[in-house]
Structures are given as structure tokens and as C-alpha cells.
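> Below you will find the structure I want to go over with you.
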Amino acid sequence: MKNFSHTIKVYYEDTDAGGVVYYANYLKFMERARSDALKSLGFTNKLLIEEDGIFIVVKSCNINYFKSASLEDILEIKSIIKKITKTSFFMKQKVFKGSDQITEAEIHLVTVDIKGKPVKIPERLKEELKKLI
């Protein structure tokens with residue numbers, strides 16, 4: 001399986017009053033990593049909307065926090081595609097601070113049309129995703 005790696009620096013706006021990354025911001029970091037992973041396959045969210053009329057949305061997310069990150073830390077988000085179905089795919093994302101894993105999430109992503117109805121993953125995207133399992 002191929003890992004997608006995305007690096008993020010923690011800015012002041014990402015932290016709470018104690019200088020620790022606010023828990024919900026890890027979801028934003030993971031979203032950015034997924035967008036970059038998609039781009040590495042030759043796709044963008046904008047392109048999928050314009051050419052295929054689909055959006056990739058999060059159906060569910062199960063996240064675990066092990067340690068915290070702080071202001072100006074450099075984080076690495078590793079994303080792995082675990083499974084693909086007709087209308088969705090599953091990713092595991094892990095956040096590292098140095099060699100320490102600090103957060104992990106299982107994300108279920110679904111392709112939907114403009115009305116929010118699940119639709120088949122475009123074949124060209126599905127073929128690229130399959131190469132990574």
C-alpha cells in the first residue's frame with residue numbers, strides 16, 4: 001500500500017488558549033492531506049465537480065488522540081487507502097510529530113451528486129485508487 005504524506009506547520013490560529021492544537025483542527029489537517037493525496041493521483045475536488053459532477057464527502061470519521069501538538073510543531077499526515085466500494089472508499093490517516101504518532105482516524109468517504117445522492121465513483125478515479133490497495 002502506498003502512503004501519501006503531507007506536512008503541516010502548526011500556527012497560532014490552530015491552537016487553543018493553552019497553545020495546544022485544538023482537537024477539531026486535526027480534522028482540517030486531515031482534509032488538506034486528503035486533497036493533496038487526490039491531487040497526487042491527478043485529480044482535484046474542483047476538477048471532479050466540473051468534469052464529473054461529483055463531490056467527495058465524509059460519511060463518517062472515527063478519530064483517536066494519543067498525544068498533543070503545540071504551536072510551531074511540524075506535523076506529518078500519512079494517508080492510506082484501505083478499501084474501495086462502488087460509491088465510497090475508506091482511508092486511514094495518521095498524524096505524526098517527529099516519530100511519535102499523535103492522532104489516527106478512519107475516514108469513510110462517499111461520492112455524491114449535486115443533490116447529495118450517492119453515485120458511483122468515476123471509473124478513471126476508481127482505477128487510480130485501485131492501484132494503491
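> Determine the distance separating the Cα centre of segment 6-48 from the Cα centre of segment 101-116; give it in Å without decimals.
Comparing the Cα centres of segment 6-48 and segment 101-116, I get a distance of 13 Å.
> What trypsin sites (Lys or Arg not before Pro) does segment 5-71 have in DSSP loop regions with at most 16 other beta carbons within 10 Å?
Values: sites: 9, 28, 32, 34, 39, 46, 59, 67; in loops: 67.
Sparse-neighbourhood loop trypsin sites (Lys or Arg not before Pro): 67.
> Also: On a 1.4 Å probe surface of the protein chains, which of 123, 106, 128 comes out largest in accessible area, and what is the full order? Walk me through the numbers on the way to the answer.
Numbers: 123 110, 106 80, 128 55 Å².
Ranking 123, 106, 128 by accessible area, largest first, yields 123, 106, 128.
> Please give the length that would be gained between residue 83 and residue 123 if that part of the chain were fully extended, namely 0.36 nm times their separation in residues minus their C-alpha to C-alpha distance (nm, one decimal).
Details: separation 40, 0.36 × 40 = 14.40 nm, distance 1.53 nm.
Full extension of this stretch gives 12.9 nm more.
> Rounding to the nearest 10 and keeping the result within 0 to 90°, find how far the Cα-based axis of helix 25-40 lies from the longest principal axis of the chain.
40 degrees
> Please compute the volume of the convex hull spanned by the alpha-carbon atoms of the chain and report it per residue in Å³. Don't skip to the end; give the middle numbers.
Working: hull volume 14.3 nm³, N = 133.
For the chain, the hull spanned by Cα atoms encloses 107 Å³ per residue.
> What's the magnitude of the charge dipole for the chain around its Cα centre, counting Lys and Arg as +1 and Asp and Glu as -1 at the beta-carbon? Answer in Debye, nearest 20.
So the magnitude is around 660 debye.
> Where a Cα-Cα gap under 16 Å defines reach, which lysines qualify for residue 120, not counting those fewer than 8 residues away within the same chain?
59, 83, 86, 130
The values are calculated or read from the model by the stated rules, or taken from the named source; none is laboratory data. Bear in mind the structure is a predicted one, so any value in this text is a computation, not a measurement. Positions of Cβ are generated from backbone atoms using ideal geometry, with glycine treated the same way; all protein chains shown enter the neighbour counts. We work out accessible area using only protein heavy atoms, side chains counted, and drop any ligands, DNA or RNA first. Shrake-Rupley method; radii C 1.70, N 1.55, O 1.52, S 1.80 Å.
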